[in-house]
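Below is one structure, written out as structure tokens; the observations come after it.
Please treat every number below as a calculation from the coordinates, not as lab data. None of these values were measured; they are calculated from a predicted model. Please note: Cβ atoms are built from the backbone with ideal geometry, for glycine as well, and neighbour counts cover all protein chains shown.
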């Protein structure tokens with residue numbers, strides 16, 4: 001055979017070379033992929049642990065936000081700033097009565113009221129009344145204050161104010177505040193949407 005021609009020293013060198021080659025193949029074929037997978041998996045595990053930590057933090061904060069939202073909703077309902085009536089016609093009738101009372105108490109004159117169409121948005125129903133009234137300038141300030149400070153809150157969404165004429169004061173040249181003014185206003189309020 002071919003190995004018979006090799007000396008003992010050559011045979012041992014060849015055996016050591018083959019052993020080193022076999023070890024290199026085992027290292028490259030088995031150990032390197034295992035070590036590479038280990039570090040790749042270690043990196044993925046660290047990423048997943050960070051992601052789980054973020055999700056846990058979000059879950060805790062979500063529960064906190066839900067509790068705070070429920071408490072805030074309860075405080076708003078208890079404070080009387082939002083109408084808690086479930087019947088839309090009753091809410092509108094109550095609004096009309098408050099508008100009429102505010103205008104007459106302040107010295108104005110109610111000309112007309114008309115219910116506006118209702119709109120739903122974000123769990124609330126927007127109700128409105130289009131109204132027109134007249135009075136003097138000092139009445140207007142009192143009327144607007146009474147409307148916007150009433151509870152449950154009513155908000156003047158649109159307003160148009162017209163004077164009764166161009167009569168100017170002879171002394172100052174300005175329009176006389178004693179003249180009658182006409183006001184057209186859309187007054188709105190919100191009620192919780194009934195979810196049954």
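For the residues 129, 143, what sequence is obtained by ranking on other C-beta atoms within 10 Å, fewest first?
On the way: 129 19, 143 24.
Neighbour counts put them in this order, fewest first: 129, 143.
Could you work out the helix-only [θ] at 222 nm for the chain, with each DSSP H run of four or more residues adding -39,500 (n - 2.57) and the total divided by the number of residues, to the nearest 500 deg cm²/dmol?
On the way: 4 runs with 98 residues, N = 196.
Here the helix-only value at 222 nm equals -17500 deg cm²/dmol.
In percent, how large is the relative contact order of the chain, given Cα pairs closer than 8 Å and 6 or more residues apart? If you can, show how the numbers build up before the last one.
Numbers: 214 pairs, mean separation 38.0, N = 196.
Taking the mean separation of contacting Cα pairs over the length of the chain, I get 19 percent.
For the range 84-130, place one equal point scatterer on every Cα, skip the solvent, and apply the Debye formula. What is log10 of I(q)/I(0) at q = 0.17, 0.20, 0.30, 0.34 Å⁻¹?
Each listed q maps to, in turn, -0.55, -0.70, -1.13, -1.27.
Going by C-beta contacts inside 10 Å, put 100, 9 in order with the fewest on the left.
On the way: 100 15, 9 8.
In increasing order of surrounding Cβ atoms, one gets 9, 100.
What is the packing order of peptides 109-122, 151-164, taking the mean over residues of other C-beta atoms within 10 Å and listing the highest first? Could you put the intermediate results ahead of the total?
Details: 109-122: 12.2, 151-164: 13.7.
So the peptides 109-122, 151-164, ranked by packing, come out 151-164, 109-122.
Taking the Cβ of each residue in 4, 78 as the centre, tally the other Cβ atoms inside 10 Å and list the residues starting with the fewest.
Working: 4 6, 78 10.
Final ranking by Cβ density, sparse to dense: 4, 78.
Rounded to the nearest 10 degrees, what's the angle between the helix 8-26 long axis and the longest principal axis of the chain, both from Cα atoms, 0 to 90?
So the helix axis and the longest Cα principal axis differ by about 20 degrees.
What do you get for the angle between helix 32-79 and the principal long axis of the chain? Use alpha-carbon atoms, 0 to 90 degrees, nearest ten.
20 degrees
For the range 52-96 and the range 100-126, compute the distance between their C-alpha centroids and round to whole Å.
24 Å
Take the Cα pairs of the range 88-192, get the Kirkwood Rh, then feed it into Stokes-Einstein at 25 °C and 0.890 mPa s and tell me D in µm²/s.
Values: Rh = 14.6 Å.
Taking Rh from Cα pairs, D becomes 169 µm²/s.
Using the basic label-point model (7 angstrom from Cα toward the beta carbon), what is the residue 184 to residue 85 distance in nanometres?
Result: 2.6 nm between the two label points.
What percent do you get for the relative contact order of the range 88-192 when only Cα pairs under 8 Å and 6+ apart count? Walk me through the intermediate numbers first.
Working: 181 pairs, mean separation 31.5, N = 105.
Answer for the range 88-192 is 30 percent.
Give or take rounding to whole Å, what are the principal axis extents of the alpha carbon atoms in the chain, in descending order?
Reported extents, whole Å, longest axis first: 136, 48, 25.
Roughly what percent of Cα-Cα pairs across the range 2-76 reach past 21 Å? Can you show the working numbers first?
On the way: 1825 of 2775 pairs.
Of the Cα pairs, 66 percent sit more than 21 Å apart.
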